[in-house]
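For reference, the structure is listed below as structure tokens.
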Amino acid sequence: MKSPLLSLPGAVPAEGRDEGVAAHYGDLFREQRALADGTGFVDLSHRGVVTVTGDDRLSWLHLLLTQHVSDLPAGQATEALILTAHGHVEHAMYLVDDGETTWMHVEPGTQGDLLAYLESMKFFYRVETADRTEDIAVVHLPAGSIADVPEGAVVRETSHGRDLFLPRAGLESYAAAHGPAAGILAYEALRVEAHRPRLGFETDHRTIPHELGWIGSAVHLQKGCYRGQETVARVQNLGKPPRRLVFLHLDGSDVLLPGPGTPVRLAAEGEEGRQLGFVTTSARHHELGPIALALVKRNVPVDAELVAGNTAAAQEVVVEP
């Protein structure tokens, strides 16, 4: 989905998984500061939107998701995962129920596979699923924003801000009334600062929820019977995850950021040392400078000095080893 807001002055299109919205509108750090101050909004209209309706929607979703949603109150936001049979993360969903419909936004391009899985699991339940991406756009308002919520919008509110589900046809008029717009790079920099993982960025084909700190926020340990639950329980009760998410403060003297997949090694061993992990997301922050998230082996000492490629990196613990 290509956003109409790419026509705004200064808009530079994003690339890769975030193609379709603006990377920035000409001033990355100004946009970050605006979001940090609770002003402006982020165009997330490239994200997939899926809805579930019907009397059984919450009890049915409860059987499929890692989160406890059978009695989710109307208006209360939550997030959840769908795992493979072996407990690896397959989908990440950001949900809210409005009393009649469960709304969720997901990574761009993943809504088709998610919908296919949900359809395959309907059986005799009174539910209907729908891909609403073509007619509904997601807009993010930062924490502290006092911007008006348009009539008819569905709001998903968390400590990080509010996600609005808006009619796509009203996106341009919303932008005109609620600017300034901030690009996805500003949003991502604040996401990295907050240590929040993202599907397809911090995950690969073997990621389990424990590695990224999704236990608690997206996985409820007191509910049972969902696909992959055995792995979650076994690692939680008997084992330890093989990898852990870390936050990296990068050397600001380097011109280039280490990109996703850049090897992480011990600084003492240099570029010839054994690889202990890899960068997942890197960003330039308006206050912290260059920062990144990375996945490293669980047994990497928490006080070890690291290098990402050839860039010095001081680690901050996100997931305890």
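Just so it is clear, none of the values below were taken in a lab; they were calculated from the coordinates. Quantities reported herein were computed from a predicted structural model and do not represent experimental measurements. All Cβ positions, glycine included, derive from the backbone under ideal geometry; neighbour counts span all protein chains shown.
Within the listed set Gln32, Gln275, Gln222, the Gaussian network model of the chain (springs between alpha-carbon atoms below 10 Å) gives the highest mean-square fluctuation for Gln222. Within straight-line reach of Lys223, meaning a Cα separation under 25 Å, sit the following lysines at least 8 residues removed in sequence or on another chain: Lys122, Lys240.
Placing pseudo-labels 7 Å out from each Cα toward the beta carbon at Ser173 and Glu287 gives an inter-label distance of 3.7 nm. Residue order for Glu202, Glu320, fewest other beta carbons within 10 angstrom first, comes to Glu320, Glu202. Taking Ile82, Ile146, Ile184 in turn, the Gaussian network model of the chain (Cα-Cα springs below 10 Å) assigns the largest fluctuation to Ile146. Short-range pairs are left out: with C-alpha atoms under 8 Å and at least six residues apart, the relative contact order of segment 54-134 is 27 percent.
In plain terms, the residue of Leu81, Leu28, Leu266 with the fewest other Cβ atoms within 10 Å comes first and the most crowded comes last, giving Leu266, Leu28, Leu81.
Local charge for Gln229 was computed over the other residues whose Cβ lies under 14 Å away, with Lys and Arg +1 and Asp and Glu -1, and equals +1. What the phi angles of segment 52-66 give under the Karplus curve with 6.51, -1.76 and 1.60, with θ = phi - 60°, is a coupling list of 10, 10, x, 4, 9, 4, 6, 5, 5, 4, 4, 6, 9, 9, 6 Hz, glycine and proline written as x.
Cα to Cα, under 13 Å, and not fewer than 8 places away if on the same chain: which aspartates and glutamates meet these conditions relative to Lys297? Cross-link targets: Glu211, Glu320. The mean sequence separation of alpha-carbon pairs under 8 Å and at least six residues apart, normalised by the residue count of the chain, gives a relative contact order of 19 percent. Listed from fewest to most Cβ neighbours within 10 Å, the set Phe165, Phe247 follows the order Phe247, Phe165.
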